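Visitor: The structure's right below; bear with me while I get my questions together.
Coordinate-derived values only; no laboratory data. The model shown is predicted, which means the values in this text are computed figures rather than measured ones. As a convention, Cβ positions derive from the backbone with ideal geometry for all residues, glycine included, and neighbour counts pool all protein chains shown.
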Amino acid sequence: MRLVHLDASLVVINKPSGLHSVPAKPPGPQDCAEARVRAVFPEARSVHRLDRDTSGLMVYARSALAQRHLGWQFERRQVSKGYVARVAGCVAGEAGRIDLPLACDWPNRPRQMVCRERGRAALTDWRVIAREADATRLALAPHTGRSHQLRVHCLALGHPILGDPLYGDRAPGDAALGPRLQLHAERIGFRHPIGGAHVSFEVPTPF
């Protein structure tokens, strides 16, 4: 885990793949990004999460005021987020939008699924960055923050994210897929809780 930015209101880190954002339910693993950040900055407060297997930028608030301000921006979809994913196969077209509601697949938790009857609205823009022989690299911009949104939307597109243990065709570690989920939170932008100036952070994609 690497520190990306620190000021009086914010802690921004680059979370590695395989690390939980928050403690798992006991007796699961208690080591997580939140615990590691609080070991150094005890006042840090969680604002959002990433899936365990997703790497990339996470933001923590250093006061109740900053947490409320950032939480308000997330709730009102005023935070811009950019992800990079490598997906299976050759994606047709160069860009598009996925507008499919998502709900928990209760018999198969923690899996989520597209459900038009009881699902919550979920919207993702995608754009092709590069093409490989058997894979496509996509830039993903979620406008909502549903659980597993990008993973399920890519699956619905017909191109699951490589290395995905829940939604992929093969188990993680398969040499053809790579050793990890190929999804990275590369960029995040929002208004700073003190002063309101727009700030953005970016970390390179490690795959």
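Visitor: Would you confirm whether any residue within region 61-77 is out of contact with any strand residue (DSSP E or B) (no Cβ under 9 Å at 6 or more places or on another chain) and either farther than 27 Å from residue 191 by Cα or hydroxyl-bearing (Ser, Thr, Tyr) (or both)?
Guide: No, the conditions are met nowhere in region 61-77.
Visitor: Sticking with this one: Residue 27 passes all but one of (1) touching a residue at least 24 places away in the same chain (Cβ under 8 Å); (2) over 13 Å from the mean Cα position of the chain (by Cα); (3) not in a helix (DSSP H, G or I); which number fails?
Guide: So residue 27 meets the others, but not (1).
Visitor: Would you confirm whether or not region 125-138 contains a residue that is touching a Phe, Trp or Tyr at 6+ places or on another chain (Cβ under 8 Å), in contact (Cβ under 8 Å) with a residue 40 or more places away in the chain and crowded, with 17+ Cβ neighbours inside 10 Å?
Guide: Yes, there is a match, as at least one residue in region 125-138 is touching a Phe, Trp or Tyr at 6+ places or on another chain (Cβ under 8 Å), in contact (Cβ under 8 Å) with a residue 40 or more places away in the chain and crowded, with 17+ Cβ neighbours inside 10 Å.
Visitor: Can you name the strands (runs of 3 or more DSSP E) wholly within region 80-195 that have at least 1 residues being farther than 24 Å from residue 24 by Cβ and touching a strand residue (DSSP E or B) at 6+ places or on another chain (Cβ under 6 Å)?
Guide: 80-88, 95-99, 123-131, 135-142, 183-191
Visitor: Which condition breaks for residue 88 when tested against (1) buried (at least 20 other Cβ atoms within 10 Å of the Cβ); (2) under 21 Å from residue 203 (Cα atoms)?
Guide: Failed condition: (2).
Visitor: What about residue 52, is it in a loop (DSSP other than H, G, I, E, B) and either of a type in the set (D, E, K, R) or buried (at least 18 other Cβ atoms within 10 Å of the Cβ) (or both)?
Guide: Against the criterion (in a loop (DSSP other than H, G, I, E, B) and either of a type in the set (D, E, K, R) or buried (at least 18 other Cβ atoms within 10 Å of the Cβ) (or both)), residue 52 qualifies.
Visitor: Got a sec? Which of 146, 109 is within 18 Å of residue 52 (Cα to Cα), without any contact (Cβ under 8 Å) to a residue 24 or more places away in the chain and not hydrophobic (A, V, I, L, M, F, W, C)?
Guide: Step by step, each of 146, 109 is checked, and only 109 is within 18 Å of residue 52 (Cα to Cα), without any contact (Cβ under 8 Å) to a residue 24 or more places away in the chain and not hydrophobic (A, V, I, L, M, F, W, C).
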